[in-house]
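So the structure is just underneath, and the comments pick up after that.
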Amino acid sequence: MTVMDFGRLVTAMVTPFDSQLRIDKRKTEALTEHLIATGSTALVVAGTTGESPTLTGEEKVELLRYIVEIVDGRIPVIAGTGSNNTDASIELTQKAVEIGVDAIMLVVPYYNKPSQEGLYQHFRTIAESTRLPVMLYNIPGRSVINMQPETTVRLANDVMNIIAIKEANSDTSQMSHIIEQTPDDFVLYTGDDGMTLPCMSVGGKGVVSVASHVIGPEMAEMIQAFVGGDIAKASAWHRKLLPIFEGLFITANPAPVKAALALKGIDTGGVRLPLVSLTEQEHEYVKGLFS
């Protein structure tokens, strides 16, 4: 199996926009440096948190190229190249390879609702089009279907470069089955900040996080406490941070975390339609999380 260590605190990075909702390179550099400085061990670029459904293919390529240049090998850059179109995902993956990303993330296809065999063939076909390490991404809340543990296990065992999964089905039983039945070097991350400790308690590696944009050091301390065996300290951090984990999803991601970043003095602009910025009431709620 291909080996790559993404660390334990991976950030699903927002895409910074200017006032015209175009990708802003200056803001992108500032955010990238902020995330590295505050404990992110890898970055997922052009994923759902990065508003991938409203980024054009050209914008994704531009964004990936720029972030790879900024990061300059300091931490892994994982490109969100998955979609519900297998051929289009292969095409974007090949462009990401040329840019020099370290890995790719492939989301469960949304809307067209493939069978488990369809999921297997989709992921295997894309993964076999590249030598890059692949992280799968199961998110039933957005894709409508749940990739069953048996399908994940089959992919992990059959395809050498499928090395990880972002499991956003917050079911520790499903996580446990995957961890138990996949190779020892296959790693599972939760995609839900609030599930970081429960996930790690059953053998998960860590989290692909949204909250790390604004509380990276605190999350890193929580994770390190757990890894170091100080369960009481880790649990206390979890309870303290839980309102932020939950509050950042008061409405559709990434509008709340972009607002939270602005409160921290990091401007990443607004969100593209069909998403909208926070209402005044929602903004006050998010503000209250950090007061």
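So here's what we get for this one:
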| item | result |
| --- | --- |
| Stretch gain in nm, segment residue 180-residue 110, where the contour uses 0.36 nm per residue and the Cα spacing is subtracted | 22.5 nm |
| Whichever lysines have a C-alpha closer than 28 Å to that of residue 240, once near sequence neighbours (fewer than 8 apart) are set aside | 166, 205, 258, 264, 287 |
| Part-to-part distance (alpha-carbon centres) for the stretch 26-74 and the stretch 225-273, which is given in Å | 18 Å |
| Counting DSSP beta bridges with both ends in the stretch 9-289, the antiparallel % (nearest 5) | 5 percent |
| Accessible area in the full protein assembly, largest first, 1.4 Å probe, for 59, 117, 98 | 98, 117, 59 |
| The stretch 107-161 - charge dipole about Cα centre, Lys and Arg +1 at Cβ, Asp and Glu -1, debye rounded to 20 | 160 debye |
| Dipole magnitude of the stretch 164-221, debye to nearest 20 (Cβ charges: Lys/Arg +1, Asp/Glu -1, about Cα centre) | 80 debye |
| For residue 259, net neighbour charge (Lys/Arg +1, Asp/Glu -1) across residues whose Cβ lies under 13 Å away | -1 |
| Calculated FRET efficiency for the pair residue 88/residue 170, C-beta based, R₀ 30 Å, to 0.05 | 0.55 |
| Listed residues 151, 198, 109: farthest to the positive end of the dipole of the stretch 59-211 (Cβ charges) | 109 |
| Summed side-chain charge close to residue 179 - residues other than residue 179 whose Cβ falls under 13 Å, Lys, Arg +1, Asp, Glu -1 | -4 |
| Charge context of residue 138, other residues only, Cβ under 11 angstrom, K/R +1, D/E -1 | 0 |
| Added length on full extension, which subtracts the Cα-Cα distance from 0.36 nm per residue, residue 131 to residue 263 | 43.5 nm |
| Full-stretch length increase - residue 69, residue 19 - with 0.36 nm per residue and alpha-carbon distance subtracted | 15.6 nm |
| Within the stretch 9-289: Cβ-based charge dipole about Cα centre, in debye rounded to nearest 20 (Lys, Arg +1; Asp, Glu -1) | 260 debye |
| Within the chain, helix-based [θ] at 222 nm, where runs of 4 or more DSSP H residues each add -39,500 (n - 2.57), nearest 500 | -14500 deg cm²/dmol |
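The values are calculated or read from the model by the stated rules, or taken from the named source; none is laboratory data. Not measured: the values here are computed from a predicted model. Please note: Cβ atoms are built from the backbone with ideal geometry, for glycine as well, and neighbour counts cover all protein chains shown. In case anyone asks, the SASA skips ligands and DNA or RNA and just uses the protein heavy atoms, side chains included. Shrake-Rupley method; radii C 1.70, N 1.55, O 1.52, S 1.80 Å.
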